[in-house]
1. If you go through segment B:109-163, how many residues are among the acidic types (D, E) and not in a loop (DSSP other than H, G, I, E, B)?
2. Taking the conditions exactly as written (in a helix (DSSP H, G or I), without any contact (Cβ under 8 Å) to a residue 60 or more places away in the chain and either surrounded by fewer than 24 Cβ atoms within 10 Å (Cβ to Cβ) or not aliphatic (A, V, I, L, M) (or both)), does B:G79 satisfy them or not?
3. All but one of (1) out of contact with any Lys or Arg (no Cβ under 8 Å at 6 or more places or on another chain); (2) surrounded by 24 or more Cβ atoms within 10 Å (Cβ to Cβ) hold for A:L114; state the number of the condition that does not hold.
4. From A:L141, A:L122, A:L207, A:L152, grab the single residue that is farther than 26 Å from A:L91 by Cα and buried (at least 24 other Cβ atoms within 10 Å of the Cβ).
5. Taking segment A:143-185, which residues are part of a loop (DSSP other than H, G, I, E, B) and among the polar types (S, T, N, Q)?
6. Give me the helices (runs of 4 or more DSSP H) completely within segment A:73-142, filtered to those with at least 1 residues that are free of Cβ contacts under 8 Å to residues at least 24 places away in the same chain, in contact with a Cys (Cβ under 9 Å, 6 or more places away or on another chain) and closer than 20 Å to A:D32 by Cβ, ordered by residue number.
7. Which number in (1) under 15 Å from A:W67 (Cα atoms); (2) surrounded by fewer than 19 Cβ atoms within 10 Å (Cβ to Cβ) marks the one condition that A:F213 misses?
8. Here are some residues: B:R87, B:R55. Which one is in contact with a Phe, Trp or Tyr (Cβ under 7 Å, 6 or more places away or on another chain) and of a type outside the set (A, V, I, L, M)?
Amino acid sequence: MHHRLLNCNYFDAMFLWIIKRDLLLAVRRRSDVLITLFFFVIVVSLFPLSVGPEMNLLRTMAPGVVWVAALLASMLSLNRMFSSDYQDGTLEQMLISPQSLPLLVLGKTLAHWLVTGLPLVLMAPVLGIQYDLPSDALFVLVISLLIGTPVLSLIGAIGAALTLGLRGGGVLVSLLVLPLYIPILIFGSGAVEANMAGVDFAAHLSLIGAFFFVSLVFAPWVTAWSLRVSLE
Amino acid sequence: MAINWFKYSSPASFYSLAGKMIPLFAAAAVILLIMGLYIGFFIAPTDFQQGEAYRIIFIHVPAAWMSMFLYVVMACWAGFGLAFNTRLSSMMATAIAPTGAMFTFLALWTGSLWGKPMWGTWWVWDARLTSELILLFLYIGFMSLQAAIDDPRRADKAGAIIALVGVVNIPIIYFSVQWWNTLHQGASVSVNQAPAMASTMLMGMLIMVFASWMYSIAVILKRVRIIILERESHTTWVAELQKDGVA
């Protein structure tokens, strides 16, 4: 009993350790984090310039534009999830370590979301204001991104693991991952649109929540499996 | 007498079996194709609503069905390859992908050709059309992942994982798109009302479906033979084939 408890704590410690380590690495290389965030801001700001500053049009486009930009930004940051650990051999050590690999992967995914997903969520209201979204729509946008962006990181991790060390991996990962992101995109922007249309949006958020829990359970396993295939 | 079920899971023995089977399936494909097209274009009556334009269903519907079936079949083979570590299963999955993608493209293409006279537009963001388009993306993702990996064993396994993830996601994507569609779509066309079909039309269509199956099997076997030769080029049995001038 005592041994098991100790073991359990040990696992928790590994999980926290890897999150702390990845966050520390991100803080040391702040520009990586900022690049993703600025990419998000720039993509969202390009749309008014291309379709014109007509506020009614922009307001209807806003949920879709912000969500597509979030998809692209989180996808763009995917190859950083494992590549530096792969290059310096850390990843190989993680694979042969006795720790549960899915748990380590989950830790890395969480760290990735904290570094790339969370800033997008926090930045989204500012961009929504640019598009003249009413305040309750802004609120729904933030909530939908808050539940949805972790799913993007979880599913994206599979793509990142499969394309590890391949030539043209960055473009390839988009081909693999973007079709799988479509349900999140539909219900994420759908929630905001429903709110703006005065319809109940709870169903949309519940579905994103369901995607979140399903991918939370399965994605780390599939990612761990993919890493073993890629490093075999 | 115990039957050796796994005899043909060896690429070497499957190679010759596939070689014998290809002409049979190819002949069946040609015969069924001629029958199906003849029924479709000459015997089946003109549709009272859609005129002659409906005749494209004899190509469109089989292509759409095949595109979906083949993805599932591909994922099954890929899954077998991953679970039992049989090389031939993975090769089958790799061989199926281009044919599946071809049928997906064909379904989209004939669909837009059909849509123009019927709905007055090449493309509508209908749930079925959109999911078919996403299916094409999934095929392309599978093929480009395998193409990017040089090591064949890694390519097999990575492809298998993405095919399985894709097959789990297809229903999710389909229902998401369908719901999105009902939320968005105002006064557009509905593709969901399948009109009652004359029995000759149905017959022609089913024959075309069988023709597509036979064609797919023949082409996939041909492709898997080429993949076997490519992967096994270092082995003695391939060298002997070359010496005999068979390959």
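1. Residues flagged as among the acidic types (D, E) and not in a loop (DSSP other than H, G, I, E, B) within segment B:109-163 amount to 2.
2. Spelling it out, it is not the case that B:G79 is in a helix (DSSP H, G or I), without any contact (Cβ under 8 Å) to a residue 60 or more places away in the chain and either surrounded by fewer than 24 Cβ atoms within 10 Å (Cβ to Cβ) or not aliphatic (A, V, I, L, M) (or both).
3. (2)
4. One residue alone meets the criteria, A:L141.
5. A:T163
6. Filter on segment A:73-142 gives an empty set.
7. (1)
8. That would be B:R55, the only listed residue that is in contact with a Phe, Trp or Tyr (Cβ under 7 Å, 6 or more places away or on another chain) and of a type outside the set (A, V, I, L, M).
The values are calculated or read from the model by the stated rules, or taken from the named source; none is laboratory data. Predicted, not measured: the structure shown is a model, and the values here were computed from it. No Cβ is skipped: glycine too gets one built from the backbone with ideal geometry, and neighbour counts run over all protein chains shown.
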